[in-house]
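The values are calculated or read from the model by the stated rules, or taken from the named source; none is laboratory data. This one's a predicted model, so the numbers in the text were calculated from it and none came from an experiment. As a convention, Cβ positions derive from the backbone with ideal geometry for all residues, glycine included, and neighbour counts pool all protein chains shown. Surface accessibility is based on the protein's heavy atoms, side chains included, excluding ligands, DNA and RNA. Shrake-Rupley method; radii C 1.70, N 1.55, O 1.52, S 1.80 Å.
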Amino acid sequence: MLNLGVIGTNWITKMFVEAAEQSEAYTLTSVYSRKVETGQAFAPTAKIYTNLSEFFDSGIDVVYIASPNSLHFAQAAQAIQHDLQVIVEKSIFSNPTEYEEIYSLLRDHPKAHLFEATRHVHQPNFKAIEAQVAEMPVVSGGTFVYEKYSSRFDAYLAGEEPNVLTREFSAGALTDLGVYPIYAIVKLFGMPKSSHYFATKLANGADGRGTAILRYDGFDMTAQFGKMATSYQHSELLGQKDTIVIDNIAELNEVQYVDGQGNQTTLSHPLTENPMLAEANDFARIINAPAEYADEYREWLLLSQRVNQVLTDLRKSAGIVFPADH
Ligand SMILES: NC(=O)c1ccc[n+]([C@@H]2O[C@H](COP(=O)([O-])OP(=O)(O)OC[C@H]3O[C@@H](n4cnc5c(N)ncnc54)[C@H](OP(=O)(O)O)[C@@H]3O)[C@@H](O)[C@H]2O)c1
């Protein structure tokens, strides 16, 4: 059983802890929070720490980091220096410079492993899409959509600066929601030849919504995402005569394959389990048998690094600079 420590006490950490416990591979032992009371309210039976070094020394094997994006780098770096297994929420780091530093730390600490928590690409319904794409002789393009009005946009409209809509926290629509379609595209097709992001910016310079185009040999993939409006469009991947239709590229509740004659086949299975269970299982499997799953681990790490590069290229094309870039 892996002793789990968590950083961040919001709902997403609660969901991960539930998934981790359902996997029967982890047990929550330690919580880091800025305030003891917040930690106690989050997990009454865990040990609570307000000092990060003491938290990392508390006997945990694995840390799950779900703090605002800009804090991931320093927290993950410290965890790797403690030879821990490190799971970091998307979007993992602010830019490739941070990623390079983390890579060099990982080289010096071979017992440590690093994972980016991007739940959708671990799910069986995503694997069903991958298997279908592998069968399609031609890909002509596609559009992946994840656009959902955020309650935090209400706060922004009321004059506040919610973390998730500020560049100070390496946040905005692209790194918060755009990362889902971008991850799916890069997982399916690898690094694009070029990319561009047309962003709708808020008054504080962060992106509220936008459209990104990733160019591949012979086809383009479009990602539409945002936090200031809601889209009910499906996502689609176009073959030549056939099409994959996805209800939602992040949630993956329903995936249909429509052949050249219009016949529909359901590729997905109903999602009844915690949506973070598949990734929690994958990470535990690799952590518990690192030699056996070394190739798979390297693939996940490479994917994470590629997405980090694409997100940074997209930001640059839209003129979005994070303080962490300096
Ligand atoms: N995979 C998913 O489906 C999913 C969904 C939502 C979010 N996320 C990711 O999870 C991460 C956290 O997102 P979130 O929306 O939960 O962020 P958040 O509410 O802004 O902050 C998360 C936690 O970090 C701590 N925190 C907040 N502000 C801080 C500050 N200024 N300085 C230091 N610590 C601070 C708080 O914990 P304490 O008060 O206990 O210190 C808080 O519970 C992000 O990387 C996000 O992209 C993933």
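Structure notes:
- Residues in region 76-133 that are assigned to a helix (DSSP H, G or I) and among the basic types (Lys, Arg): 107, 119, 127.
- Residue within region 111-126 that is out of contact with any strand residue (DSSP E or B) (no Cβ under 9 Å at 6 or more places or on another chain), without any contact (Cβ under 8 Å) to a residue 40 or more places away in the chain and closer than 24 Å to residue 64 by Cα present: no
Conditions (1) touching a residue at least 24 places away in the same chain (Cβ under 8 Å); (2) open to solvent by 30 Å² or more (accessible area, probe 1.4 Å); (3) among the aromatic types (Phe, Trp, Tyr), marked per residue:
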{"residue": "36", "(1), (2), (3)": "no, yes, no"}
{"residue": "61", "(1), (2), (3)": "yes, yes, no"}
{"residue": "66", "(1), (2), (3)": "yes, no, no"}
{"residue": "74", "(1), (2), (3)": "no, yes, no"}
{"residue": "78", "(1), (2), (3)": "yes, yes, no"}
{"residue": "86", "(1), (2), (3)": "yes, no, no"}
{"residue": "91", "(1), (2), (3)": "yes, no, no"}
{"residue": "98", "(1), (2), (3)": "yes, no, no"}
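- Residue match in region 259-273 (condition: touching a Phe, Trp or Tyr at 6+ places or on another chain (Cβ under 7 Å), open to solvent by less than 30 Å² (accessible area, probe 1.4 Å) and either hydrophobic (A, V, I, L, M, F, W, C) or in a helix (DSSP H, G or I) (or both)): no
- Test result for residue 59, among the small types (Gly, Ala, Ser), at pLDDT 95 or above and either near the ligand (Cβ under 8 Å from one of its atoms) or within 26 Å of residue 206 (Cβ to Cβ) (or both): no
- Residue within region 286-305 that is hydrophobic (A, V, I, L, M, F, W, C), part of a helix (DSSP H, G or I), within 16 Å of the ligand (Cβ to nearest atom) and at negative phi present: yes
- Failed item in (1) closer than 24 Å to residue 95 by Cβ; (2) assigned to a strand (DSSP E or B), with residue 142 passing the rest: (1)
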